[in-house]
Ligand SMILES: NC(=O)c1ccc[n+]([C@@H]2O[C@H](COP(=O)([O-])OP(=O)(O)OC[C@H]3O[C@@H](n4cnc5c(N)ncnc54)[C@H](O)[C@@H]3O)[C@@H](O)[C@H]2O)c1
């Protein structure tokens with residue numbers, strides 16, 4: 001049976017690359033973005049566009065309705081950087097917009113999608129986090145906070161969802177050459193800092209959706225194979241090799 005997928009932040013960058021891959025694999029795609037260009041991407045992949053700001057919880061409700069009663073795959077990808085580094089001079093509107101999409105919209109997506117996945121007997125969800133979910137990035141503390149929140153949600157929620165046959169994982173890319181980073185591309189190139197191609201990340205998202213154990217945190221860096229991140233145990237606790245449930249555990253671990 002044809003699978004149905006929802007991808008957020010699909011007007012460009014990683015989200016568009018994920019949409020193209022999932023559609024090429026035969027999935028019916030609902031693509032969500034505040035940028036109306038998402039309509040062109042949807043038309044190109046034979047999917048449906050939902051234009052709206054994901055900081056509004058109703059936008060994901062509309063996306064799930066557009067999926068038409070079936071939802072197999074959900075990619076919670078939309079996100080932005082934060083321009084503000086010093087909390088003392090934070091612009092509060094900008095702050096709430098960053099937290100609203102990077103953090104709250106992930107919860108809104110789950111809130112809208114889980115009832116349908118449960119009714120269908122299962123599904124697979126990937127949140128696009130970042131290396132900033134796993135270590136502090138001094139250049140962008142607020143972004144770091146939001147991505148840590150996403151990983152915290154995956155860690156806390158994935159075991160219970162796995163028991164319902166819903167796998168919830170995260171991919172954590174390093175720098176990716178997308179519209180998000182376009183302003184700094186030349187600086188990165190001049191400094192010899194390698195960047196990932198969006199399709200490298202999209203391929204990892206697709207593999208994670210289809211085969212990874214629930215709760216996988218997949219690190220993706222230029223020039224290295226994707227590798228599963230396993231958090232260090234708390235002091236005086238033994239290391240557990242895998243907290244995941246179901247799926248493949250063949251990924252290298254770091
Ligand atoms: N580019 C990188 O270096 C990099 C690295 C690690 C993680 N990521 C993460 O990958 C994800 C995708 O980033 P990208 O690099 O493809 O960026 P991008 O800017 O190319 O794409 C993000 C998309 O999200 C949409 N979006 C942003 N805020 C929105 C909102 N409030 N409502 C609806 N749509 C909204 C944008 O319009 C855009 O189309 C983000 O979560 C980002 O944090 C990116």
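Values in this text are rule-based calculations from the coordinates and carry no lab data. Predicted model, so just to flag it, every value in this text is computed and none were measured. As a convention, Cβ positions derive from the backbone with ideal geometry for all residues, glycine included, and neighbour counts pool all protein chains shown.
Tell me, what is the percent relative contact order of the chain, built from C-alpha pairs under 8 Å that lie six or more residues apart?
Values: 511 pairs, mean separation 42.0, N = 254.
17 percent.
Taking segment 4-228 on its own, what percent of its Cα-Cα pair distances exceed 23 Å?
Values: 10802 of 25200 pairs.
It works out to 43 percent of all Cα pairs.
Order of 41-52, 180-191 by packing, highest average Cβ count within 10 Å first? Intermediate values should be presented prior to the final figure.
Details: 41-52: 18.8, 180-191: 11.9.
So the order, starting with the most tightly packed, is 41-52, 180-191.
Of all DSSP beta bridges in the chain, what percent run antiparallel (nearest 5)?
Beta bridges within the chain, antiparallel portion: roughly 5 percent.
Highest mean first, how do 95-107, 69-81 rank when packing is the count of other Cβ atoms within 10 Å averaged over residues? Walk me through the numbers before you get to the answer.
Working: 95-107: 19.5, 69-81: 23.2.
Result, highest mean first: 69-81, 95-107.
State the dimensionless ratio Rg/Rh of segment 1-114 (Rg: radius of gyration of Cα atoms; Rh: Kirkwood radius). Please report the intermediate quantities before stating the final value.
Details: Rg = 14.5 Å, Rh = 14.2 Å.
Value, to two decimals: 1.02.
Could you work out the Rg to Rh ratio of segment 121-164, with Rh taken as the Kirkwood radius (inverse of the mean 1/r over all Cα pairs)?
On the way: Rg = 12.5 Å, Rh = 11.4 Å.
The Rg/Rh ratio comes out at 1.10.
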